[in-house]
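Everything on this sheet refers to the single structure shown next.
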Amino acid sequence: MTPTDRTHRTVDVLVIGAGPAGLAVAARLAAAGVDRVEVLDREQRAGGIPRHCDHTGFGLRDLRRVMTGPDYARHHIAAAIRAGAVLRTGVTATGWAAPRTVDITGPTGLERITATAVVLATGARERPRSARLVPGTRPAGVFTTGQLQQAVHVHHQSVGHRAVIVGAERVSYSAVTTLRRAGAEVAAMVTDQPRHQTHPARHLGTRLRHGVSLVTDATVTELTGRERLESVRLRHRDGRTAAIGCDTVVFTGDWIPDHELARSAGIALDPGTRGPATDPEFRTGAPGVFAVGNLLHPVETADIAALDGRFAAAPVLRHLAGVPWAPGPLPVRVEAPLLWISPNRLTPDGPRPPRGRFTLRTTRFLTRPVLTVSQDGRTLHRGRLPHTAAPNRPFHLPADWIAGADAHGGPVRITAD
């Protein structure tokens, strides 16, 4: 098929991804009077990950009330449609034909859409067993959390009788809830960290209610079984090995952004987050292309992603009004054991990040670390975190030091001592 066989349309804003972040930015833009706001999603139903999460805990930060995942998804879908945004599902963006021009395929065939602004809201995904390079046989009974939730809540399938969960972060405890509702026993949670990485009350409640044991400082080294999984083999940090009998294993966390569309546009990716490098106004290096949600910070809660969408609406409106495209030129880098920082570009005299702070992650537990911000050997900020920084959980750095950075200097660096 030649390019002339495609239907070519123009819109004001094209949002790619109909999860909480994409729906929130679309609702804000349409409510602000933008005429043609179109949201695309490759899934058959909009709403993103929350629509598979049949438990409460959604909406506290952005809606100020607690909802189940499906109710939360329905709320954001309704808000976007009510504001006037056009929502299209089962539609996949396959590539870029020109700046801000996207080729898509869907039920109506091939299309080419040119937008004044494109907002990437493609989210993040968990690494499956294959990407984690866990050796062994390939039996049935191997899931990620997302696959588990779809199997249980969408397709109402049996997922086994005795499970091991790989990971002990927030999403891992959601997997416990899903497995128990499906009638499966949770034999153990396994983490390579010295302790769990969720809120202490959540861990204690799970342990008391479901009797789940936590195996720390251990990694899964092999899966065994022919037709069905029979066990997982572990190696402890001290060299000991063990096996846990089970017919189901759920690999949780270890998130990676869905950055393929951004990468195919030649947009620079941040080496820490592996998502698009962006400034506090969600601007990427490609003029007119914004990025929001867990594509930028894999992975935060759904309501944090939705707040990203809300905050991004104002910069998009400024772009539509003709404000020159000038994303922050200074890269912000972190050094080990810190993992990433978001946003990761800035302009000293430019806007501050949403909520006046940067979000960071660490690879290991840090007890009340001292965070130092420096540039070319000059200290811009130094302060002690008032709590322990834990892997797989966000912590924050105030942004009041930005004005002291040199726009013509080298990268800004963040260290933890």
Of all residues in the stretch 178-211, how many are of a type in the set (A, V, I, L, M, F, W, C), without any contact (Cβ under 8 Å) to a residue 40 or more places away in the chain and open to solvent by less than 20 Å² (accessible area, probe 1.4 Å)? 2
Please go through the stretch 138-160 and pick out each residue that is surrounded by 13 or more Cβ atoms within 10 Å (Cβ to Cβ) and hydroxyl-bearing (Ser, Thr, Tyr). Thr144, Thr145
Taking the stretch 253-309 and keeping only residues that are of a type in the set (Asp, Glu) and part of a loop (DSSP other than H, G, I, E, B), one is left with Asp254, Asp258, Asp270, Asp279, Glu281, Glu300
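Let's see how each residue does on (1) among the polar types (S, T, N, Q); (2) within 17 Å of Ala21 (Cβ to Cβ); (3) under 19 Å from the mean Cα position of the chain (by Cα):
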| site | (1), (2), (3) |
| --- | --- |
| Gly47 | no, yes, yes |
| Phe58 | no, yes, yes |
| Leu87 | no, yes, no |
| Ile104 | no, no, no |
Exactly one condition in (1) modelled with pLDDT of 95 or more; (2) over 30 Å from Ser172 (Cα atoms) is not met by Asp5; state its number. (1)
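Quick one: count up the residues across the stretch 220-246 that are part of a loop (DSSP other than H, G, I, E, B) and surrounded by 21 or more Cβ atoms within 10 Å (Cβ to Cβ). Walk me through how you get there before you give the answer.
Looking only at the stretch 220-246, we keep the residues that are part of a loop (DSSP other than H, G, I, E, B), and these are 225-227, 229-230, 237-240, 246.
Filter again for surrounded by 21 or more Cβ atoms within 10 Å (Cβ to Cβ), leaving 229, 246.
Number of matching residues: 2.
Hey, among Gly160, Gly95, Gly146, which residue is assigned to a loop (DSSP other than H, G, I, E, B) and touching a residue at least 60 places away in the same chain (Cβ under 8 Å)? Write out each step before concluding.
Values: Gly95 fails: assigned to a loop (DSSP other than H, G, I, E, B); Gly146 fails: assigned to a loop (DSSP other than H, G, I, E, B).
Just one listed residue meets the conditions, Gly160.
Go through the stretch 33-83 and give me each residue that's of a type in the set (Lys, Arg) and more than 24 Å from Leu317 (Cα to Cα). Let's see the steps before the verdict.
The first filter runs over the stretch 33-83 and keeps only residues of a type in the set (Lys, Arg), leaving 36, 42, 45, 51, 61, 64-65, 74, 82.
Listed by number, the residues that qualify are Arg42, Arg45, Arg51, Arg64, Arg65, Arg74.
The values are calculated or read from the model by the stated rules, or taken from the named source; none is laboratory data. What you see is a predicted model; the values in this text were computed from it and never measured. Glycine gets a Cβ as well: all are built from the backbone with ideal geometry, and neighbour counts include every protein chain shown. SASA here: full protein model, heavy atoms, side chains in, ligands and nucleic acids out. Shrake-Rupley method; radii C 1.70, N 1.55, O 1.52, S 1.80 Å.
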